[in-house]
Amino acid sequence: MFIYTPDGPTTKQMTTTTQPTTTPMATTTQPTTTPMATTTPPRQLEHVCKNHFKHLDCTPENVVICSAFYGRNDSTICPSDDANTSNMCFEDVTDLVQGRWCRNKPSCYVHGRGYLLDHPCLSNPEAYLQVTYTCGAGQCADTIPSVVTQCPSNFNTTVPVGQTITFVSWNIPSGIDDSGTKYQVVPSRGPGVFFLGIHDITYTFTDPSENEWYCTFRVIVVQR
């Protein structure tokens, strides 16, 4: 009996100590799986200003460049006093960016430097690089709508007492699409003659993949 008595406690201790080591292993794997499934959208849009760079990371999958354009076609992106917005230029450099920096790589750096992109759009010294990318193959379908960069704010216009109509105008909204292609803009109505009252104006931006984005503002015509 004394020979087997020490084995009893020893066996029980071994049984109880193996359980804590198994339980943490089962629970610690869950937090790493959930973020990976929810944090990476199908397509991501990045703008890289002059002399800057961005790190694109798709680990463990490879980075796939859906589109890349170099130049400038919007004054609100990478704003600068030296930006030449009167001579807009936007050149397709998708093959250069994919082949030179990101092909078959889980992560890569993309640069907003004209001399690294064979000098496209040199007429604009403040050009930037616009990159749309995804992680893995077969996910480059365009799901990103056009971005409205200049949408008017709500405003009032006044007319003299006794007058019920007036001509109202505003700066036409503009935008940019990540694919680099031209979007379609359809207003609910444009500048023109307005009666007294509240008028809601909506501009609908539609890209070639039928993604839509909206610019909405209010015009209020009142008497003094």
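The values are calculated or read from the model by the stated rules, or taken from the named source; none is laboratory data. Note that this is a predicted model, so its numbers are computed, not measured. Cβ: placed from backbone, ideal geometry, glycine included. Neighbour counts: every protein chain shown.
Only a single item in (1) over 23 Å from Pro173 (Cα atoms); (2) modelled with pLDDT of 80 or more; (3) crowded, with 19+ Cβ neighbours inside 10 Å is not met by Gln44, and it is number (3). Just a yes or no: is a residue in region 170-180 touching a Lys or Arg at 6+ places or on another chain (Cβ under 7 Å), part of a loop (DSSP other than H, G, I, E, B) and not assigned by TED's automatic domain parsing to the domain that holds Ser67? No: region 170-180 contains no residue that is touching a Lys or Arg at 6+ places or on another chain (Cβ under 7 Å), part of a loop (DSSP other than H, G, I, E, B) and not assigned by TED's automatic domain parsing to the domain that holds Ser67.
Among residues of region 199-224 that are assigned by TED's automatic domain parsing to the domain that holds Pro152 and assigned to a strand (DSSP E or B), those with a Cβ under 6 angstrom from a residue that is among the basic types (Lys, Arg) and loosely packed, with under 15 Cβ neighbours inside 10 Å, sequence gap 6+ or separate chain, pair up as Asp200/Arg218. Residues in region 47-64 that are part of a loop (DSSP other than H, G, I, E, B) and on the phi < 0 side of the Ramachandran plot: Cys49, Lys50, His52, Cys58, Thr59, Pro60, Glu61, Asn62.
Being closer than 30 Å to His47 by Cα and exposed (fewer than 12 other Cβ atoms within 10 Å of the Cβ) narrows it down to one of Val222, Val186, Val193, Val161, so name that one. Selected residue: Val186, the only one of Val222, Val186, Val193, Val161 that is closer than 30 Å to His47 by Cα and exposed (fewer than 12 other Cβ atoms within 10 Å of the Cβ).
Checking region 209-222 against the condition returns a match, with at least one residue being modelled with pLDDT under 80 and closer than 25 Å to Tyr70 by Cβ. Taken over region 38-80, the residue count meeting the criterion of being within 22 Å of Cys135 (Cβ to Cβ) and basic (Lys, Arg) is 2.
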